[in-house]
1. With the condition kept exactly as written, say whether any residue in the stretch 18-25 is in a strand (DSSP E or B), open to solvent by 50 Å² or more (accessible area, probe 1.4 Å) and more than 26 Å from Lys176 (Cβ to Cβ).
2. May I ask you to list the residues in the stretch 37-51 that are surrounded by 14 or more Cβ atoms within 10 Å (Cβ to Cβ) and either in contact (Cβ under 8 Å) with a residue 60 or more places away in the chain or of a type in the set (Gly, Ala, Ser) (or both)?
3. Would you pick out the residues in the stretch 103-126 that are farther than 30 Å from Glu43 by Cα, open to solvent by 40 Å² or more (accessible area, probe 1.4 Å), within 13 Å of ligand 1 (Cβ to nearest atom) and not aromatic (Phe, Trp, Tyr)?
4. Identify all residues within the stretch 107-123 that are near ligand 2 (Cβ under 9 Å from one of its atoms) and polar (S, T, N, Q); write none if there are none.
5. When both residues are 6+ apart or on different chains and their Cβ atoms are under 6 Å apart, which pairs have a first residue that lies in the stretch 62-77 and is open to solvent by 20 Å² or more (accessible area, probe 1.4 Å), and a second that is of a type in the set (D, E, K, R)?
6. So which of Gly107, Gly100 is on the phi > 0 side of the Ramachandran plot and touching a strand residue (DSSP E or B) at 6+ places or on another chain (Cβ under 7 Å)?
7. Mind counting the residues in the stretch 33-63 that are farther than 18 Å from Asp12 by Cβ and hydroxyl-bearing (Ser, Thr, Tyr)?
Amino acid sequence: MSSDSEVSWFDDFLGVGYRYYEIRMTVVPLFSDLKKAQNFWRETVHWWNDHSIKIRFVETGDAYWFIMGAESKHTKNNRSFFKVLPKSPHYERFKKGHGGSAYLRLGTHTKKFKGDVKDDAKCNCGHIKEDHEEEEDDSCLFEDCDCKKFETFQINLLKKKKTVTDIKFLDETEIKDDVLAWNCFSINKYNKERKSDK
Ligand SMILES: [Zn+2]
Ligand SMILES: [Zn+2]
């Protein structure tokens with residue numbers, strides 16, 4: 001037996017990625033390194049009952065709160081995710097297209113530099129590696145591009161997955177009726193605001 005208030009909130013991850021290539025869309029909380037992601041899966045997500053996993057998206061202006069939690073067979077290690085993120089086209093696409101269910105996987109989001117990638121890898125400036133200076137200077141060769149250093153992001157997904165069938169999009173006026181979202185806002189927003197009022 002556990003009450004929701006005992007569950008600790010976890011926000012030490014980078015953000016959330018969305019993928020669209022399978023039957024269901026995939027939601028991917030992103031970590032800065034592989035070990036952290038693997039540990040989180042092993043200690044927490046692994047023990048979640050699939051049918052009890054809930055994802056809530058609560059929009060507040062240009063941002064949204066990503067909130068995810070579940071009942072666990074191993075309550076000691078249970079944690080719920082939350083993160084306040086800027087709305088993005090990927091988020092909007094997920095919102096429109098998820099169809100009521102999604103796969104959950106964890107992933108890593110890492111920076112890669114010129115030495116780490118193939119010639120056709122795309123820089124964050126939009127141009128490929130071959131279009132950047134060789135040797136020490138990394139500058140982009142396109143004259144109208146002010147990129148000075150080749151840099152790109154790579155996302156890797158852990159193989160394990162779970163299926164989530166309880167997904168809701170809410171606005172802040174609706175969260176009172178939702179236990180998970182309400183807990184999250186109470187602890188991570190309203191309590192903090194009260195403290196800072198004093
Ligand atoms: Zn570049
Ligand atoms: Zn460029």
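1. Scanning the stretch 18-25, I find at least one residue that is in a strand (DSSP E or B), open to solvent by 50 Å² or more (accessible area, probe 1.4 Å) and more than 26 Å from Lys176 (Cβ to Cβ), so the answer is yes.
2. Of everything in the stretch 37-51, those that are surrounded by 14 or more Cβ atoms within 10 Å (Cβ to Cβ) and either in contact (Cβ under 8 Å) with a residue 60 or more places away in the chain or of a type in the set (Gly, Ala, Ser) (or both) turn out to be Ala37, Gln38, Phe40, Trp41, Val45, His46, Trp48.
3. First, pick out the residues of the stretch 103-126 that are farther than 30 Å from Glu43 by Cα: 113-126.
Narrowing the set further to residues that are open to solvent by 40 Å² or more (accessible area, probe 1.4 Å) leaves 113, 115-116, 118-120, 122, 124-125.
Pick out the ones that are also within 13 Å of ligand 1 (Cβ to nearest atom) and you get 113, 122, 124-125.
Hits for the stretch 103-126 are Lys122, Asn124, Cys125.
4. Within the stretch 107-123, none qualify.
5. Matching pairs, first to second residue: Asp62/Lys87; Asn77/Glu43.
6. Residue meeting the stated conditions: Gly100.
7. Within the stretch 33-63, residues that are farther than 18 Å from Asp12 by Cβ and hydroxyl-bearing (Ser, Thr, Tyr) number 2.
Condition check ((1) more than 16 Å from ligand 2 (Cβ to nearest atom); (2) under 21 Å from the mean Cα position of the chain (by Cα); (3) open to solvent by 50 Å² or more (accessible area, probe 1.4 Å)) across all residues:
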| residue | (1), (2), (3) |
| --- | --- |
| Asp138 | no, no, no |
| Lys148 | no, no, yes |
| Gln154 | yes, yes, yes |
| Asn188 | yes, yes, no |
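The values are calculated or read from the model by the stated rules, or taken from the named source; none is laboratory data. All values derive from a computational prediction rather than experimental measurement. Reconstructed Cβ throughout: ideal geometry from the backbone, glycine too, with neighbour counts over all protein chains shown. Protein only, heavy atoms only, side chains kept; ligands, DNA and RNA dropped before computing areas. Shrake-Rupley method; radii C 1.70, N 1.55, O 1.52, S 1.80 Å.
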